[in-house]
Amino acid sequence: MSAERDHRLVWVSGAGGLIGREIVLAADAAVSAGWEVCGLTRQDLDLDDPTAVARRLAERKPDLIIHCAALSRTGACEADPNLAHRLNVETSARLIDEAPTARFVFFSSDLVFDGRRGNYTETDRPNPVNVYGRTKFAVESLLARHPNALVIRTSLNFGHSLVGDRSFNEEMVRAWRQNRPVKAFIDEYRCPIPASVTASVTWDLALSPFTGIVHVAGAERISRWEIADALRTHYPSLNPKVEPVTLKGFVGPPRSPDVSLNCEQLKRWLGCQLPNFRDWLQEHEPVHHD
């Protein structure tokens, strides 16, 4: 992307969510370089309101859009596919169409893959098995024709949101606070990553010339059960319990067994090292005694 001095305004949609908020908090380098960073929550701008979006764009169009806003709960997407399509696909298409000259950075998901084999690269063919994954792949397809777009596929992001219910770890802790065991799959694999790391890498990518698709996930492929087991040691006062379950006995919407992501391309682009989740957790997450 051009580093021209007149390219100044950045929109970060979904700034009230986990990743979007972390991106706004990590914007110091961009601000120092002369960029104006505008974090947009739903209260600031309802992306589902075409009139409000058009009015805001008429005031001043962004030169860079980092689009994090989405209906991201897979259960909610399965329950209302039309709503998921409207909030995830139609709102994205509106921003793409009405700000065609902006660089567009879109947050996608490892769930665009069916999970049959894992270690997916950027060139592997997506085959989503749930509604959420299909909405993400639909936007990826729209951006395939965009001259200055970057799709960031990420995995489970760890962090602490303002509302306390946006991350997988917050969902687990809520269950433990309610004296409920966390049921976690021993045969479903992801590559969890701290949202703060995702945010830092996002700025490096957003202000770079790279386009296309890139994977940003943790370096460790671990099961849902291993994730929960690692996290529970940080909440001893809650007497946390984790029950191992298998996909074989699961009744519900289709799940992807292994959507671990290969991030070698990111390492080649930026030369960065991504953290092993359990090592990072031990080093950075305190033991909570409340």
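Do we have Pro126 as closer than 29 Å to Lys248 by Cβ and surrounded by fewer than 24 Cβ atoms within 10 Å (Cβ to Cβ) here? Reasoning before the result, please.
Numbers: closer than 29 Å to Lys248 by Cβ: yes; surrounded by fewer than 24 Cβ atoms within 10 Å (Cβ to Cβ): yes.
Against the criterion (closer than 29 Å to Lys248 by Cβ and surrounded by fewer than 24 Cβ atoms within 10 Å (Cβ to Cβ)), Pro126 qualifies.
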Subset of the range 154-184 [part of a strand (DSSP E or B) and either farther than 18 Å from Ala15 by Cα or without any contact (Cβ under 8 Å) to a residue 24 or more places away in the chain (or both)]
Val182, Lys183, Ala184
Unmet requirement for Gly14, which otherwise passes all of (1) exposed (fewer than 15 other Cβ atoms within 10 Å of the Cβ); (2) at positive phi:
(1)
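Quick one: which of Asp290, Asp229, Asp187 is surrounded by 14 or more Cβ atoms within 10 Å (Cβ to Cβ), assigned to a loop (DSSP other than H, G, I, E, B) and more than 21 Å from the chain's Cα centre (by Cα)? Spell out how you get there, then give the answer.
On the way: Asp290 fails: surrounded by 14 or more Cβ atoms within 10 Å (Cβ to Cβ); Asp229 fails: assigned to a loop (DSSP other than H, G, I, E, B).
Only one candidate passes the filter, namely Asp187.
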Given the condition closer than 21 Å to Ser161 by Cα and surrounded by fewer than 14 Cβ atoms within 10 Å (Cβ to Cβ), answer yes or no: does some residue in the range 270-283 qualify?
yes
Scanning the range 27-37 for residues that are free of Cβ contacts under 8 Å to residues at least 40 places away in the same chain and surrounded by fewer than 19 Cβ atoms within 10 Å (Cβ to Cβ), the one nearest to Thr198 (Cα to Cα) turns out to be Asp28
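For the range 254-290, what are the residues that are within 30 Å of Ala79 (Cβ to Cβ) and not basic (Lys, Arg)?
From the range 254-290, those within 30 Å of Ala79 (Cβ to Cβ) are 254-261, 277; that's our starting set.
Selection gives Pro254, Ser256, Pro257, Asp258, Val259, Ser260, Leu261, Phe277.
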Report the residue count in the range 191-203 for those that are more than 13 Å from the chain's Cα centre (by Cα) and closer than 15 Å to Phe168 by Cβ.
0
Test of understanding: among Glu243, Glu283, which residue is in a helix (DSSP H, G or I) and either at pLDDT below 95 or out of contact with any Leu (no Cβ under 9 Å at 6 or more places or on another chain) (or both)?
Glu283
Enumeration of residues in the range 240-269 that are without any contact (Cβ under 8 Å) to a residue 40 or more places away in the chain and either surrounded by 17 or more Cβ atoms within 10 Å (Cβ to Cβ) or over 19 Å from the mean Cα position of the chain (by Cα) (or both):
Gly249, Val251, Gly252, Arg268
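The values are calculated or read from the model by the stated rules, or taken from the named source; none is laboratory data. Because the structure is a prediction, the values reported are computed rather than measured. Using ideal geometry, Cβ is built from the backbone for each residue, glycine included, and neighbour counts are taken over all protein chains shown.
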